[in-house]
Amino acid sequence: MYYVYELIDPRVNLPFYVGKGKGNRVYFHLSEQSRAKSDNFKKFDKIKKIRNEGYEPEVKIVKYFEEENDAYDYEEELIKKYGKRDIDEGGILTNICESSRPPKLNGRTYQEIYGDKWEEQIQKRLKTKEERGNYGGVRKHTEETKKKISEKVSGKNNPSYGVPCSEEIKRKISERAKERFANGFVSPSAKTWMLISPQGEEFIITGKLKEFCKLKNISYATMSAAILYNRTGPRKNGWSIKELINN
């Protein structure tokens, strides 16, 4: 029996990796030894960032298949749906290839193996960096790209739509977070935010956004959505939020 699975970022409830497997393959990515057997550093950097903030990536088996080729086909379909980060416009996945199906190299071109858009996207990225005059500039999504991302992951398109988080997962997340932050721990990768109250008061915090929202009786979900979709204007509750760049 084969299956297609997703690794979910619990901070935003969105997938960051899609794969095909059997047996315990789905949990292999979360073990330390798997890093030595893969060159997908984007995926492991993502896992590291999630854990640094006191969370654990969630595993979701999307669908089971009797035939391996059917599983490969569905895996490829999902990867194309969500798009590959830094390769496809609006992509959110850390996958490198269009599918994990073993390539038949004989007679196949580079584009056939890695996807038609790969070379084109590399050239576009190099051109953009050259125009910016640097090789480490922050990439800002266009409004069109933001709209495409929103359409891919909103409502019923969200893979976790209508699927409640189990009590066991909630308990594990809670215990891990309490353990890490009990003594005032702040992750080195934690972001700094400025929140402005309806009265114009400014509050600057590093990490612990959820605790601050609870203290001020603000909807954490509302603030998280403002961050996710880069909405810096005041929300319905009168509060606004923006990220500050740490020096």
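Note on Phe203 and Tyr27: the extension gain reaches 59.4 nm, defined as 0.36 nm multiplied by sequence separation minus the Cα-Cα distance. Among 213-226, 71-84, 46-59, sorting by the average number of other beta carbon atoms lying within 10 angstrom of each residue, highest first, gives 71-84, 46-59, 213-226. Taking 18 Å as the limit for the C-alpha separation, the pairs Lys152/Lys208; Lys178/Lys210; Lys48/Lys214 exceed it in the case of Lys152/Lys208; Lys48/Lys214. Modelled spin-label separation between Ser219 and Lys178, with each label point placed 7 Å from Cα along the Cα-to-Cβ direction: 2.8 nm. Under the simplified labelling scheme, the Met1-Asp45 pair shows an inter-label distance of 3.7 nm, with each label point 7 Å from Cα along Cα→Cβ.
Length gained on full extension, Ser154 to Arg235, computed as 0.36 nm times the residue gap minus the Cα-Cα distance: 27.3 nm. Would you please classify the overall shape of the stretch 191-244 from the alpha carbon gyration tensor, given that a ≥ b ≥ c denote the square roots of the eigenvalues, rounded means a/c under 1.5, and beyond that prolate means a/b larger than b/c while oblate covers the rest? Since a/c stays below 1.5, the shape of the stretch 191-244 is classed as rounded.
Values in this text are rule-based calculations from the coordinates and carry no lab data. Keep in mind that this is a model prediction, so the values were computed, not measured. Quick reminder, even Gly has a Cβ in these numbers, built from the backbone with ideal geometry, and neighbours come from all protein chains shown.
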